[in-house]
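The values are calculated or read from the model by the stated rules, or taken from the named source; none is laboratory data. Predicted, not measured: the structure shown is a model, and the values here were computed from it. Quick reminder, even Gly has a Cβ in these numbers, built from the backbone with ideal geometry, and neighbours come from all protein chains shown. In case anyone asks, the SASA skips ligands and DNA or RNA and just uses the protein heavy atoms, side chains included. Shrake-Rupley method; radii C 1.70, N 1.55, O 1.52, S 1.80 Å.
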Amino acid sequence: MDYSVKGHLALVTGSSRGIGSAIALELARGGADVIVHCSHPSEQAEDIAAQIRAMGRSGTVIAADLTQEEGVRALAEACRDVDILVLNASLQIKKDWQDITQEDYIRQTNCNYYASLVLMQAVVPAMEAKGWGRIVTIGSVQELKPHPQMLVYSSSKCAQTGLMRSLAGQLASKGITVNNVAPGVIYTDRNKEALSDEAYARKVSASIPAGFYGEKEDLAGIVRLLCSEFGRYITGQNIFVDGGKSL
């Protein structure tokens, strides 16, 4: 056994930037062909795909807005043949819980939970036919330590992990593993502005037992392991990659 994922086709949602881009590139290094997903056409997505092709792998881009039903369905229809599915795309709308609107709720749950369900429904039949598949959901330390202004986001991540646990038991006998990887504070463009405040950055670092926040590449290795043959006996697990913040 090794960490190779050669011969497999992966879809990584939300992979034009941040954690998703690091995962897409790591799977390509492991030999997988990768579909790069973004919400709207972007040069960033095309750049990630170009880097994948430079490794000798197939790298394609699909744009689909997962906050909308039509975007979810379009991506699902286009990616039925993938045998590695990494559900990384998510939406955070930060506001006090009393001010959350129906639109806020629908957009976040569509992207963070409903899209995961529909994409799983789309790809699992082909995985079952092959007797092999890997599904990795990307959760959050907020499953255990929710941010007070991200109620829907943290709740939707809990729901996605519940979905993972249910399906892991149902699919294990079919050669398909399903796991969740939950990052803590990871330095990406999503929180770059907030962490540029030195006082805030010190406060955040002090809340992490390891004493520092992570980089997006810290997530990529564990995802590749789960998708390789080394991960064949790991399923139904929620793995925190957070420097101990979930403790």
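Observations
- Count of the range 176-203 residues, restricted to those that are at pLDDT 95 or above and farther than 20 Å from residue 116 by Cβ, is 0.
- Strands (runs of 3 or more DSSP E) wholly inside the range 1-108 containing at least 3 residues that are closer than 30 Å to residue 131 by Cβ and touching a helix residue (DSSP H, G or I) at 6+ places or on another chain (Cβ under 7 Å): 33-38, 59-63, 84-87
- Residue check, residue 197 open to solvent by 40 Å² or more (accessible area, probe 1.4 Å), farther than 26 Å from residue 134 by Cβ, in contact (Cβ under 8 Å) with a residue 40 or more places away in the chain and of a type in the set (Asp, Glu): no
The rows are residues; the columns are (1) open to solvent by 60 Å² or more (accessible area, probe 1.4 Å); (2) within 21 Å of residue 177 (Cβ to Cβ).
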| residue | (1), (2) |
| --- | --- |
| 3 | yes, yes |
| 25 | no, no |
| 32 | no, yes |
| 38 | no, no |
| 52 | no, no |
| 70 | yes, no |
| 93 | no, no |
| 106 | yes, no |
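- Residue 135 vs. criteria in contact (Cβ under 8 Å) with a residue 40 or more places away in the chain, open to solvent by 20 Å² or more (accessible area, probe 1.4 Å) and either closer than 24 Å to residue 188 by Cα or part of a loop (DSSP other than H, G, I, E, B) (or both): no
- Boolean, residue 168 is touching a strand residue (DSSP E or B) at 6+ places or on another chain (Cβ under 6 Å), more than 19 Å from residue 19 (Cβ to Cβ) and surrounded by 16 or more Cβ atoms within 10 Å (Cβ to Cβ): yes
- Which listed residue is open to solvent by 20 Å² or more (accessible area, probe 1.4 Å), among the polar types (S, T, N, Q), under 14 Å from the mean Cα position of the chain (by Cα) and more than 22 Å from residue 16 (Cβ to Cβ), from 179, 238: 238
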